[in-house]
């Protein structure tokens, strides 16, 4: 092997070794975080959502069924007058969730996962308005007031139970169960 080829090969081996080393170090760090007695959110710091969430056994969970938008105007002639566009509907749903959590002594900071169904919006070329949902999410999560970045799935669907509904949201919440001993 000629000297330049040896240098290229050595640089390649070194580069792969460094990448593997960082990967193992990151994996070790995540394994340590899984042993935490607190809810742990994983993922890229630049992402608006978490890629995964670990909930220790000392926590209880609440699962919220699919929730749709509150009625804004019963006399409205259109979906948008009755319930609003996708963003407005999502804001209404998240406000309902926030209020329900508050009655339980919890907050949106306790939400660990959201499953979101977005239906076609006639004003958006009969396509789901994902950006409307993303904009609503950004008002409630990954903010200065609530830095939690939930794990989340957003799914485009053909329709929801009523043609007026453009979005439906399910939520998973984790809260500390102080009656169980920590292991």
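Check whether at least one residue in the range 161-178 is within 28 Å of residue 51 (Cβ to Cβ) and out of contact with any strand residue (DSSP E or B) (no Cβ under 7 Å at 6 or more places or on another chain), and report yes or no. No. Restricting 52, 23, 17, 65 to residues that are modelled with pLDDT of 90 or more and loosely packed, with under 12 Cβ neighbours inside 10 Å narrows the list to 65. Can you say whether residue 84 is closer than 26 Å to residue 175 by Cβ, surrounded by 19 or more Cβ atoms within 10 Å (Cβ to Cβ) and over 16 Å from the mean Cα position of the chain (by Cα), as far as the supplied structure shows? When the stated conditions are applied, residue 84 does not pass them.
Going residue by residue through the range 118-131, is there one that turns out to be surrounded by fewer than 19 Cβ atoms within 10 Å (Cβ to Cβ), assigned by TED's automatic domain parsing to the domain that holds residue 155 and within 26 Å of residue 146 (Cα to Cα)? Yes, the range 118-131 contains a residue that is surrounded by fewer than 19 Cβ atoms within 10 Å (Cβ to Cβ), assigned by TED's automatic domain parsing to the domain that holds residue 155 and within 26 Å of residue 146 (Cα to Cα).
A quick yes/no check of all residues on (1) loosely packed, with under 14 Cβ neighbours inside 10 Å; (2) in the same structural domain as residue 66 (by TED's automatic domain parsing); (3) more than 13 Å from the chain's Cα centre (by Cα):
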| position | (1), (2), (3) |
| --- | --- |
| 101 | no, yes, yes |
| 110 | no, yes, no |
| 113 | no, yes, no |
| 144 | yes, yes, yes |
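The values are calculated or read from the model by the stated rules, or taken from the named source; none is laboratory data. None of the values given here were measured: they were computed from a predicted structure. Backbone-built Cβ (ideal geometry, glycine too); neighbour counts: all protein chains shown.
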